[in-house]
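Contents: one structure, followed by commentary.
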Amino acid sequence: MEILQFIAPLLGVIVGAILTGLTSAIRMRRERRRVIAIALADLLEVRHRIYAIDAAIKEIGALANIPAETISTFRNQLESILPDGLELNKRYDAAVTTLAGIDPILGFRLRSKNLLPGILNTARALAASTPDGLQGFEQMESRLRSAAIPKMNAAVFELAKAHSYITAFKVWRLINQAEAQKSEATKIFGDLIPQQNRNKESTM
């Protein structure tokens, strides 16, 4: 009995410590998932902004035979229609900074993934300010954006897997649906543009 009286408080301390540790671990895991979810949503929005504009310009430019120098101007117009990307960048940077406090390696790998649109917008503005500066710029920008999409996808999937495999599957399905929507948009533009051309020919 004396041994039990001695061991019982010790066991209580041990069990309490284990429960406290488990509670703290669960809380940290939930906080990590919450921060990852915020960063993932913002990075998906950055990716969508890059992908949607580039896909639309490629399809419309190819179907309507828009000159390269005119495409850059058209790209500027599309960028101006979209919501300001500065607020999105601030949100993403804040989420990545918070994530770095929990997972510094993941935070490091995700840093600056949102800067490409702003850099390209600045470079395009500089090119437009010089004579014939936009000639050849659109081709270079298109290549940069095409090269950036796979890296952006990899970063998105990395974040999604860090959140959960269910989230990773949902992101994979979302990206595949975007590809299907792109094909549908191409078909719609292909139907509309020839019709517009026929209307122009009939009025000549």
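The values are calculated or read from the model by the stated rules, or taken from the named source; none is laboratory data. Since the structure is predicted, the reported quantities are computational estimates derived from the model, not experimental observations. Note: areas computed on protein heavy atoms with side chains; ligands, DNA, RNA excluded. Shrake-Rupley method; radii C 1.70, N 1.55, O 1.52, S 1.80 Å.
With Rg and the Kirkwood Rh both taken from Cα atoms, where does Rg over Rh land for the stretch 97-160? In the stretch 97-160, Rg relative to Rh is 1.14. Taking the 1.4 Å solvent-accessible surface of the stretch 97-159 as the whole, the part contributed by carbon and sulfur is 65%. In the full protein context, the stretch 107-154 carries 58 Å² of accessible surface per residue, based on a 1.4 Å probe and ignoring ligands, DNA and RNA.
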